[in-house]
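Every number in this text was worked out from the coordinates using simple rules, so none of it is lab data. Note that the coordinates shown come from a computational prediction; the quantities given were computed from them, not determined experimentally. Using ideal geometry, Cβ is built from the backbone for each residue, glycine included, and neighbour counts are taken over all protein chains shown.
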Amino acid sequence: MPTPSAAQPTPSTAQPVTSPPLGRTTGSGGTTASPGSGGRPPSLAERMPAFARALRTRADEVDAALAFAHAAGVRDPAEVVADLEPWESVVAGATRAAGAPGERPVAGSSGTSGTSGVPGTPGPAGASAGGDATDQAAALAVAVVTLALRLAGQARWREGSAARWAVREVGPRLDWWHAVGGASAARLRDLVAAAEVLAPTPTARAWADRLAGLPDPGERAREAIAVCAWRSGAVRLRAAALDAAGALPGPVAEAALGVPADRVPGVLTRAATDPWWWPGAPEHGVLARIPTFRGDGGRCLGLPQVVQAAWAPAGPHPAAWVVRDTADGTRWTVLGDALGAELVPASGADREGGGDAAGAADAAGAADTADTADVDLRGLVVGSVPWDDAITGLAAQGEVLLVSRRHSYVLDVVRPVRRPA
């Protein structure tokens, strides 16, 4: 991800909040002079004209956001604003959609500094020939700047952070911003909240791609964000997403779920009763394979060993099991359904172990501790999987088993194939 060049020291908060003309370009190693500028670095108004014009119509709000950033110790708020350059084309598009020409002259625009509180923005506050036609674009630009500066003040706007990625890379890809006005801020906050949940997992990029393919969800943006996250593998959001999906407009539900609109109600009904069912997913044999090794993005240092089924609340929640890391004894809860799986820290009785036999055995010897019921289950597993390995642990939730084995960091979710007697 490109980063801004090194910032210059910020004036003390006792000085005016208004920042000087911006003298850097995002991703450069230094400043770059604009043509005809006499060597002067380009200002925000020169590099991001639509964004700067939109901000100027809400100067009081922008100044308040800058004041917050200074008070919170942000080293250079102007650098944060410069980092929002991916939004320039979005704000320009919102301006055009609102009925104002994207390059309409602005009163007082001949200067290169002013009292608007926007870094490098010319002219007096609110001096726009576009009038009310730019309100949508202005609301969007102010929402983006305000959120970015608040995140910076909370030390959440930095290279590699989930919040910065959501605002700077995910947000500008969405075709949701042309007529949302004041709803922009809420949508942006929901994006950041979801990204911070998803960022440690491999599902984040898939989620962003799925969101980018959605039509505008209107008042159901929060629901659409959750449904896309679940469909991309965020299994912890399963119950909330199943509830939210039914409220989405048909075209949005179709794009979010990847299911034809006329089939959505039936798919949701069946998926709610069977976490391992989804159109096109296998119904028997190995339903899913869950990697656990920490070096591959999992949680375990040693081989995982299935201990028991975990407690799960009633309703359309993920399937859940407890596994033990044989390297250090740490217990993890495996959450899974047909769309994704995740290991999370075990809690309560699942974390303590409750005296189960598997927790006291090591991975190599666990296969010898099975009772008669386990032997029957193991026989079903052996007849349903494509591998030949010693089973070190297994536990059932309904007809579905989670299986660990002696020579693999991968857990297998198996629905045994029951053959005629």
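Quick one: which of 69-75, 291-297, 303-309 comes out on top by average Cβ neighbours within 10 Å, and what's the full order, highest first?
303-309, 69-75, 291-297
Give me the extension gain from R418 to E196: residue separation times 0.36 nm, minus the current Cα-Cα distance, reported in nm with one decimal. Show your work: numbers first, answer last.
Values: separation 222, 0.36 × 222 = 79.92 nm, distance 4.23 nm.
This chain segment gains 75.7 nm when fully extended.
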